[in-house]
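Working notes for the structure below.
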Amino acid sequence: MPINLEKLSLGADAPPTYTAADPLDAPAGPSSEELSAAFSNLTLPDVTVPFPTADQCLAHLKLLNSFHALKEDVGYTDGLFGLWDARCEKLEGKERDEALAKTREKRWAIYIARAVERFEVWWLKYLCSLEESKRLEGKEMISTSVDYTLFMGKGRPRKWTTAMLPPLDVLMVWHAFMLNPRNYLEDCIRFGLKHLWATGMPWPAVNEAIDTDFNYTVSKQGMETFSGTTGLSWNNADDPMSKTLYCPRCSTQLNIPWTTCGAKEKPSHEEITQMVGTGYGDRGLSYPCHKCRSNITHDFLRVAKFRKDTENLIMKDWPLGGTIITPSTGTPVAPAEKIWHWEPNLFPNRLVGKELRVRILELINPGSTNEPTMNDIKNILESAIKDRSVIKKANKGAPLDSGVLSGREKLAIRKMMSRYWENTSIFALELGGAVIRQGVFVEKMHSIDWLHSPTAKSTMERLITKYARFMQIIADHQFHVAVPTLDVDLGWHTHQLSPQAYFNYTVDKCRKFIDHDDKIDEDELSTSFEWTSKTYQKQYKEVYSECTCWYCEAIRTKHISNARIFGQSKHEKVMNSFYDSGAAKLCPPDKSAHISSHNAVKSIESGIGAEIAQRLRLKHQKDLEAAYQKACARAAAKGRPIPQRTTAADYYVGSWGYPYLMYGPYMSIGMMGGLYYAGDPCLMPVGAGMVGNCCAGTCSGGIAAGGCGSPGGCGGTVGGCSGGAAGGCGGGVGGGGCGGGGGGGCGGGGGGGGCGGGGA
């Protein structure tokens, strides 16, 4: 039966209430067949459907549960990658428990780092071989190039079999990649993979490969196809324990151990508790080339990537990453031929390829002993954009060129640099961090466990309707950041895993390709969630976050005005209905779909910006506390249970059983110490001069750190970014723009050249 998208979008009918079986009436001891009934016989069409279906959402949940099982298997495999639990036995009590949790997380971090490398090989050797792919050249980026401008619609979905599927770790990376829609589109265009783009996640094959116990199995033929094509083992752990690469300076082959954390028989206290290492999968990579004595570090490899991309730009006309997608619409940059030579979005290609090529290439010269970092590239760019003569040469022929960067050119520089900070891969983003942040969502879905609910199918149908309403809010409010609840986010993620269908839907509804922000400042996320909740409640006369944790109670209470001039407000009526209907009793804090915060990160400021950001953070917490006290007073007056502040739902336990108390569910979970090689995926530097921040003269750090360069594009007048708090772009970027201004931000809420709406 076809889905009525218009009806879903407008919310003509209210979605049915979430239900859960009363534990007193529930039958004792359901069989495994009964528990898996909802997802054991799914109907998944081979063709791409325009909008997610309930069965696709259930298939997605099956896949997420497989990821969860994989993580536990890896983390609890004692001795994997040379990391033994026995190392922690010399510690005691809480310190021992935390060290054990870090050891298990470190195994997972190494496993993910290896999975990302394996995915890159599979992408190049297998996915690129499935069609006549060709790398994009700069000269093709014009309005008359039909293959380029109409790329999104030219591909045709291909039918996949289980024999074509990769190992689960590689599939997990692909899954996380597709959940960054604009980045995924950019790389599909760069590599000419139009059919891959149209196909998306091959749900029938994936569903067939996962049984009702979430075991992932493919045929022997599939394993042989993967290994034969890539030269890799089917099992991640069976690949070599060293990473083979070539010295960027002298091209000598190097075999660098993935980690040195388990190498010492008698590790120090710091090595046990902080997991300090110098291998390729460790944060502190340090490996001397035995020929030229260059010290190989992660930052050195990032510079090498930039240098290599500069060579390819000069020799092969391959455009730099970040210069392909138009920020305002999320569609390919396609100027008319007569203005191609000064198109703002292509400015980084002209600047680097013509004016800075020598300085960039000389950063890594054979025979030299310097150790360049990404800050050196940043300094080169900063120096160039201050020089009007350099800008005029790069924009030679442009009418009325003053030699001063335009807003769109500044944005283009920031977007381009976002592809290189903490990223040595060939892709638009550092995929390991994306996998880790998605892991938070995986944990939440496993904990809620909709799959084993007797009402699983109706729950999926309900969240699809709620997701359609969410997209309508984005369409109606182009200059706001909309933040999903967990149920909405499941529908949203499922839609994004059909990239072509998702592109067509969002462009048709919202007039631009809506991104899904992979990083957003936690306080901005909470503020935007409050706005989304209030807007949804006003528009659809239902509560948005059907959860009774203290945070959701406080957010709902903030919607009610203290000035009750006209009696009971509409928001108050909606809240009372939620409780009076009995729906609230079915929404315990630890099993409910409240704010989805897997993309929450903590913005790191410097100087005066750090002081302002701290004050704003404290004000936000103070406002939440006041709203919570108000919610408690209302609950007492109504004779309802008081929402508790410290419950099991307020702790993040994760897979290793070690609890971390969190102030609220909107906060970033953080990463244990320095476990992940590419930096903490839950931190976002935005302070002036910090590594990962924008070049001076182009704004602040939100884009370079993964912010407004991608999410939903910048609506309104492109050219400025708003500030999460102090000083510039900040972290508060949502899936369509850069969020609100404040504290010296560059625009704010879409005004004054700021950036506009979308989803977080």
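The values are calculated or read from the model by the stated rules, or taken from the named source; none is laboratory data. Quick caveat, the model's predicted, so the values are computed rather than measured. Cβ: placed from backbone, ideal geometry, glycine included. Neighbour counts: every protein chain shown.
Numbers below:
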quantity: Pairs, first touching a residue at least 40 places away in the same chain (Cβ under 8 Å) in the range 71-87, second loosely packed, with under 14 Cβ neighbours inside 10 Å, C-beta under 9 Å, six or more apart; calculated: Gly82/Ala263; Trp84/Asp78
quantity: Exclusive hit being under 28 Å from Phe191 (Cβ atoms) and more than 30 Å from the chain's Cα centre (by Cα), set Lys316, Lys308, Lys266; calculated: Lys316
quantity: Residue that is surrounded by 21 or more Cβ atoms within 10 Å (Cβ to Cβ), of a type in the set (S, T, N, Q) and under 21 Å from the mean Cα position of the chain (by Cα), where the choices are Ser418, Ser447, Ser425; calculated: Ser418
quantity: Every residue from the range 271-307 that is hydroxyl-bearing (Ser, Thr, Tyr), without any contact (Cβ under 8 Å) to a residue 40 or more places away in the chain and buried (at least 17 other Cβ atoms within 10 Å of the Cβ); calculated: Thr278, Tyr287
quantity: Among residues of the range 325-349, those that are in contact with a strand residue (DSSP E or B) (Cβ under 6 Å, 6 or more places away or on another chain) and crowded, with 24+ Cβ neighbours inside 10 Å, counted; calculated: 1
quantity: Single condition Lys266 does not satisfy, out of (1) out of contact with any Asp or Glu (no Cβ under 6 Å at 6 or more places or on another chain); (2) modelled with pLDDT of 95 or more; calculated: (2)
quantity: Subset of the range 138-150 (residues that are over 30 Å from Leu165 (Cα atoms) and part of a loop (DSSP other than H, G, I, E, B)); calculated: Met141, Ile142, Ser143, Thr144, Ser145
quantity: Filter pass, Ile391 being in contact with a helix residue (DSSP H, G or I) (Cβ under 6 Å, 6 or more places away or on another chain) and closer than 24 Å to Asn375 by Cβ; calculated: no
quantity: Some residue of the range 179-186 being at pLDDT 95 or above, more than 27 Å from Ala38 (Cβ to Cβ) and polar (S, T, N, Q); calculated: yes
quantity: The range 497-521 residues that are under 26 Å from Leu58 (Cβ atoms) and among the aromatic types (Phe, Trp, Tyr), paired with ones that are at pLDDT 95 or above and in a loop (DSSP other than H, G, I, E, B) (beta carbon under 7 Å, 6 or more apart); calculated: Phe503/Phe513; Tyr505/Pro50; Tyr505/Phe51
